[in-house]
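Undergrad: A single structure is presented below for examination.
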Amino acid sequence: MRDNLPVIEASCPMPDDGLIPREFLDEYNSRVCDAYNRLLQDLIDQIQSESVEFDYKLDEGKIKLDISNEDEIDEDEQKRVKNQFKVITGRCGARCSAASKTLQAKVHVWHLQSRVDRYGDDITPAVANQLAKHVIGRGIALAQRLVFNKPGRSAANKSRLNIHGMEPDAFPPVINEIINELYEYQGMTRGHIIATQLFYRDQWNNAWQQTKEILSEDISNDDCDSCSNS
């Protein structure tokens, strides 16, 4: 990115309630900010490499492509530009999604570890994964589960908290307690994820508006230089 073009700063306001470890939120903030900076650069590269005249805009919280004089542009050209835009925004979405999944998994593991420390709950890798599927809707990575591994423990020695194949209404009371706590923390986590992404979409929009002005000035200056040299 050119030196004089704006850069999105990792400046999203953080909750100060201390309920979720600050280092988790800082890492997530940094990754989402990086995703939107990459998006900004990729879209700048796209608009500078095309002969088709178009713009980007933030509309109802979504970044959209706005092609000028669409009726006058060849259909194949439009399709190519739109597909490239989808690829670029899709990459940003994938980066943000990966960051969100990492944050959710870290909060999940952190809370279960706190339960083990406070109450001695028999959380095994299998139990941690089962709870993640129930609360988050997907399992967590093996490396994250292995923090609950107990050397020398065999698969036959299952935790009494193992809920594999069990209907929710048959869960032990302690499992329901853990699940309710996890839902509360994941609710806070999802709220932060939504707020952070909305914040960086606004930041992206501000940076894009500034970028357009700078690029427009550059084009005007180039035109003036061409006139003076003719």
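Undergrad: What list of whole percents do you get for P(r) of segment 116-212, with Cα-Cα distances grouped in 10 Å bins up to the one holding the largest distance?
TA: The calculated distribution, bin by bin, is 13, 36, 24, 12, 9, 5, 0.
Undergrad: In Å and from the alpha-carbon atoms only, list the Rg and Dmax of segment 104-157.
TA: 10.7, 30
Undergrad: Compute the length gained on full extension between residue 76 and residue 215: take 0.36 nm times their separation in residues and subtract their Cα-Cα distance, giving the result in nm to one decimal. Walk me through the numbers before you get to the answer.
TA: Values: separation 139, 0.36 × 139 = 50.04 nm, distance 2.66 nm.
Stretched out fully, the residue 76 to residue 215 stretch lengthens by 47.4 nm.
Undergrad: Which aspartates and glutamates does residue 133 reach when only Cα atoms under 17 Å apart count, and residues fewer than 8 places away in its own chain are ignored?
TA: Counting by Cα, and skipping residues close in sequence, residue 133 has these aspartates and glutamates nearby: 167, 169, 177, 181, 184.
Undergrad: Still on this model: At q = 0.20, 0.21 Å⁻¹, work out log10 I(q)/I(0) for segment 9-50 with the Debye formula, treating every Cα as an identical point scatterer and leaving solvent out; two decimals please.
TA: Those come out to -0.65, -0.68, one per q.
Undergrad: While we're looking at this one, here's another question. Note the direction-averaged projected area, equal to a quarter of the hull surface, for the Cα convex hull of segment 26-69, in nm². Walk me through the intermediate numbers first.
TA: On the way: hull surface 14.4 nm².
The Cα convex hull of segment 26-69, projected and averaged over all directions, gives 3.6 nm².
Undergrad: Taking all pairs of distinct Cα atoms, average 1/r, flip it, and tell me the Kirkwood hydrodynamic radius of segment 72-162 in Å to one decimal place. Intermediate values should be presented prior to the final figure.
TA: Details: mean 1/r = 0.0627 Å⁻¹.
Computed over segment 72-162, the radius equals 16.0 Å.
Undergrad: Using only protein heavy atoms and a 1.4 Å probe, report how much of residue 190 is accessible, in Å² to the nearest 10.
TA: Number for this one is 90 Å².
Undergrad: Using only DSSP helix segments of four residues or longer, with each worth -39500 (n - 2.57), what per-residue ellipticity at 222 nm results for the chain after dividing by its residue count and rounding to 500? Please report the intermediate quantities before stating the final value.
TA: On the way: 5 runs with 145 residues, N = 230.
The per-residue figure over the chain is -22500 deg cm²/dmol.
Undergrad: Using only Cα atoms, find the angle between the long axis of helix 22-49 and the longest principal axis of the chain, and express it within 0 to 90 degrees, rounded to the nearest 10.
TA: On a 0 to 90 degree scale, this one is about 30.
Undergrad: Also, I was wondering about something else. For segment 8-82, restrict the atom set to alpha-carbon positions and state the Rg and Dmax in Å.
TA: For segment 8-82, the Cα-based Rg and Dmax read 17.8, 56 Å.
Undergrad: Something else now. In square angstrom, what is the accessible area per residue of segment 105-192 with a 1.4 angstrom probe? It would help to have the intermediate numbers written out before the result.
TA: Details: 4730 Å² over 88 residues.
Normalised by residue count, the accessible surface of segment 105-192 is 54 Å².
Undergrad: For segment 56-104, max minus min Cα coordinate along each principal axis, in Å, sorted largest first?
TA: If we take the Cα atoms of segment 56-104, the spans are 47, 22, 9 Å.
Undergrad: Convert each backbone phi in segment 63-76 into a coupling constant with the Karplus relation 6.51 cos²θ - 1.76 cosθ + 1.60 (shift: θ = phi - 60°), then list the ³J(HN,Hα) values in order as whole Hz, x for Gly and Pro.
TA: Each residue's phi maps through the Karplus curve to give 7, 10, 8, 10, 8, 6, 6, 4, 5, 9, 9, 3, 4, 5 Hz.
Undergrad: Mind ordering 131-140, 17-26 by average Cβ neighbours within 10 Å, highest first?
TA: Values: 131-140: 17.0, 17-26: 12.7.
My ranking of the peptides, most packed first, is 131-140, 17-26.
Undergrad: Same structure, new question: Using a 1.4 angstrom probe and counting only protein chains, how large is the accessible area of residue 57 in Å², to 10?
TA: Accessible area of residue 57: about 80 Å².
Undergrad: Tell me, how many Å apart are the Cα centres for segment 94-143 and for segment 42-65?
TA: 38
Undergrad: At a probe radius of 1.4 Å, what is the per-residue accessible area of residue 14, in Å² to the nearest 10?
TA: 40
Undergrad: Rounded to the nearest percent, how much of the accessible area of the chain (1.4 Å probe, protein heavy atoms only) is carbon and sulfur?
TA: Details: 6200 of 13120 Å².
After summing per-atom areas, the C and S share lands at 47 percent.
Undergrad: Please compute one quarter of the surface area of the Cα convex hull for the chain and express it in square nanometres.
TA: Working: hull surface 74.3 nm².
Averaging across all directions leaves 18.6 nm² for the Cα convex hull.
The values are calculated or read from the model by the stated rules, or taken from the named source; none is laboratory data. Here the structure is a predicted model, which means the values were calculated and not measured. Here Cβ is always computed from backbone atoms with ideal geometry, including for glycine, and neighbour counts include all displayed protein chains. The accessibility values were calculated without ligands, DNA or RNA, using every heavy atom of the protein model including side chains. Shrake-Rupley method; radii C 1.70, N 1.55, O 1.52, S 1.80 Å.
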